[in-house]
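The values are calculated or read from the model by the stated rules, or taken from the named source; none is laboratory data. Quantities reported herein were computed from a predicted structural model and do not represent experimental measurements. Cβ sites come from the backbone with ideal geometry, for glycine too, and all protein chains shown count toward neighbours.
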Amino acid sequence: MFAAKPVNLRNQQVEGLFRLLFGIMMVVLIVPVLMIIVMLVYKGGPAFSWNFLFTFPTDGMTAGGVFPALLGTIWLVVVSLLASVPLGVAAAIYLSEYAQQEHWLTRVINLATINLAGVPSIVHALFGLGAFVLFLKFGTSILAASLTLAVMTLPVVIVASWESLQAVPRAFREACWNMGATRWQTIRQVVLPNALTGILTGIILQVSRAAGETAPIMFTGAVFFLPFLPAGVFDQTMALALHLYTISTQVPNVPESLPFGVALLLVGMVLIMNSTAIMFRMYLRGKKKW
Amino acid sequence: MDNSTATQKPLASTIAIRARNLNLWYGSFQALFDINLEIKQGMITSMIGPSGCGKSTILRSVDRINERLGYVRIEGAIEVLDQNIYAPEVELAQLRKQVGMVFQRPNPLPISLFDNIIFGHRIHRAPNEKYSKQDESDIVEAALRKVLLWDKVKDRLHSKATVGLSLEEQQKLCIARLLPVKPTVLLMDEPCSALDPKGTAAVEELIWELRGEYSILLVTHNMAQARRASEECIFLLMGRVVEHRETDQMFMSPSCQETANYIEGRYG
């Protein structure tokens, strides 16, 4: 009575087939990532040393370290965050907490923000060149490059923040409003503290994106080589991503380990930041209960 | 808990909530028709009626939370303590200090128990008013004692509000949270519908304890609850008040056929 009928056997076959198919896809996806990391470590590992991290490039960039590029990347990321985080989070708070959700304008703005996140970075680069370098006369500088990166990362910061704000249950807001709390009191004391994890995750993921992009900083503030460190935001700077591009394509006779070392450093930074974000989120999630 | 004491006690003379020719539309749909009501101070008044009859709409009009939807239009007036709450000079924060709301599902805020109770108080006090830790502790203790929760939670006031509290206790917490700002009216939107029978009994008992001190307007789907836990009862149907009488009388000898049918469970 309970023995398998032909239809069950067929279902089991199909089940097995799809399981196999999805499994293979997963492997196809994972293998290249692992290969990249293994190759980077294998080929770039030997280049790693304190000297590599903390000295200037020498011999026409065919030897020495990457210190100015590393420092430049940190400059760019920090300044761009200073611009994009306050702006993006504030915009998200407005969209999520103050704007009328059903209003057509709110919907258009939400949609536009999401689409803006898909604009290619080279387009942001041209915008940055026109707006910050030329029109606002910042020249090619850390400031112009960072603002360009900020414009590029803003949509994602807004969307990520908006989504974490929306994830806070509406019942909390209603409870506050019904006690006479203003929107700001509600946001400040209940909504924002609970949305913070998601917002921070969104921001940290954007840090790694800003650190890795080459196009937006190429025309706006990053240069191939500087014999000195930038002293302020109006100086130009070197950056890891651009440095990697330069020594791989523009400079002859670079030992193979050098570009791989730079790539490893870049990927390492991104991985460390992303896993920090994930661990931080897990930590805060564990504390959050509703 | 029986209603015999209620009928013996002199009827409160003043009116807590008065609706005058209240009409309300959601967009083009009219939800309330010419509502005229006088809800007495210090009493528990329950509102019953089938889904969509306008009970919650009335409730949500009394603390003006309906307006948030944006497409709500109101004609007529609602007075709380003889003041029209739809007058232009009314400040919503002040209104909501007088009128507290308890929701269907307990919704303690994701902050500590202590902060939950003191939340409203902190919101409503002036920035230059100084309250010491001791003052705040006293306020919190008084509120928690009032809802019979103090002994249960006194040792973990600073842990997250929901940790280790049953739904019943969470709902009591949500009631306690309203008390520090000294409201006059408590609105309760099916406060027991998420609770088990034991929890329901406990919360009903608490509501009963609070009468006299607060005027309570209680929406319920549960006829037995209306009968047990209220002194006056309003029966609504399709956005109109059908009957408003003392609860005992309404359930013993309803004056309208619709009321009788509903009470006997012929529709709903």
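Computed values, structure above
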item: Residues of segment A:108-129 that turn out to be surrounded by 13 or more Cβ atoms within 10 Å (Cβ to Cβ) and part of a helix (DSSP H, G or I), as a count; result: 13
item: Number of positions in segment B:118-142 that are in a helix (DSSP H, G or I) and within 13 Å of chain A (Cβ to nearest Cβ); result: 7
item: Number of the exception - B:Leu179 against (1) surrounded by fewer than 22 Cβ atoms within 10 Å (Cβ to Cβ); (2) under 23 Å from B:Ile123 (Cα atoms); result: (1)
item: In segment B:78-106, the residues that are within 14 Å of chain A (Cβ to nearest Cβ), of a type in the set (D, E, K, R) and touching a residue at least 40 places away in the same chain (Cβ under 8 Å); result: B:Lys97, B:Arg105
item: Test: residue in segment B:48-66 that is in contact with a His (Cβ under 9 Å, 6 or more places away or on another chain), at pLDDT 90 or above, assigned to a strand (DSSP E or B) and buried (at least 21 other Cβ atoms within 10 Å of the Cβ); result: yes
item: Single match in A:Leu95, A:Leu53, A:Leu111, A:Leu70 (criterion: closer than 19 Å to A:Val151 by Cβ, touching a helix residue (DSSP H, G or I) at 6+ places or on another chain (Cβ under 7 Å) and hydrophobic (A, V, I, L, M, F, W, C)); result: A:Leu95
item: Within segment B:159-173, considering residues that are within 14 Å of chain A (Cβ to nearest Cβ) and surrounded by fewer than 24 Cβ atoms within 10 Å (Cβ to Cβ), the one nearest to B:Ile111 (Cα to Cα); result: B:Lys160
item: Residues located in segment A:177-199, provided they are more than 25 Å from A:Tyr283 (Cβ to Cβ), more than 10 Å from chain B (Cβ to nearest Cβ) and not hydrophobic (A, V, I, L, M, F, W, C); result: A:Arg183
item: Test: residue in segment A:160-171 that is surrounded by 22 or more Cβ atoms within 10 Å (Cβ to Cβ), in a helix (DSSP H, G or I) and either in contact with a Leu (Cβ under 7 Å, 6 or more places away or on another chain) or among the charged types (D, E, K, R) (or both); result: yes
item: Answer residue from segment B:107-116, given it is more than 11 Å from every other protein chain (Cβ to nearest Cβ) and in a helix (DSSP H, G or I) and is surrounded by the fewest Cβ atoms within 10 Å (Cβ to Cβ) among those; result: B:Phe114
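Residue by residue, here is whether (1) among the hydrophobic types (A, V, I, L, M, F, W, C); (2) touching a strand residue (DSSP E or B) at 6+ places or on another chain (Cβ under 6 Å); (3) touching a residue at least 40 places away in the same chain (Cβ under 8 Å) holds:
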{"residue": "B:Met223", "(1), (2), (3)": "yes, no, yes"}
{"residue": "B:Ser230", "(1), (2), (3)": "no, yes, yes"}
{"residue": "B:Thr247", "(1), (2), (3)": "no, yes, yes"}
{"residue": "B:Tyr262", "(1), (2), (3)": "no, no, yes"}
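Condition check ((1) outside any loop (DSSP other than H, G, I, E, B); (2) surrounded by 16 or more Cβ atoms within 10 Å (Cβ to Cβ); (3) of a type outside the set (Gly, Ala, Ser); (4) without any contact (Cβ under 8 Å) to a residue 24 or more places away in the chain) across all residues:
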{"site": "A:Leu226", "(1), (2), (3), (4)": "no, yes, yes, no"}
{"site": "A:Leu229", "(1), (2), (3), (4)": "no, no, yes, no"}
{"site": "A:Gly232", "(1), (2), (3), (4)": "no, no, no, no"}
{"site": "A:Asp235", "(1), (2), (3), (4)": "no, yes, yes, no"}
{"site": "A:Ala241", "(1), (2), (3), (4)": "yes, yes, no, no"}
{"site": "A:Tyr245", "(1), (2), (3), (4)": "yes, yes, yes, no"}
{"site": "A:Val254", "(1), (2), (3), (4)": "no, yes, yes, no"}
{"site": "A:Met269", "(1), (2), (3), (4)": "yes, yes, yes, no"}
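Residues checked against (1) farther than 17 Å from B:Glu243 by Cβ; (2) outside any helix (DSSP H, G or I); (3) of a type in the set (Asp, Glu); (4) at pLDDT 90 or above:
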| residue | (1), (2), (3), (4) |
| --- | --- |
| B:Met1 | yes, yes, no, no |
| B:Pro10 | yes, yes, no, no |
| B:Ser13 | yes, yes, no, no |
| B:Ala19 | no, yes, no, yes |
| B:Trp25 | yes, yes, no, yes |
| B:Gln30 | yes, yes, no, yes |
| B:Phe33 | no, yes, no, yes |
| B:Thr45 | no, yes, no, yes |
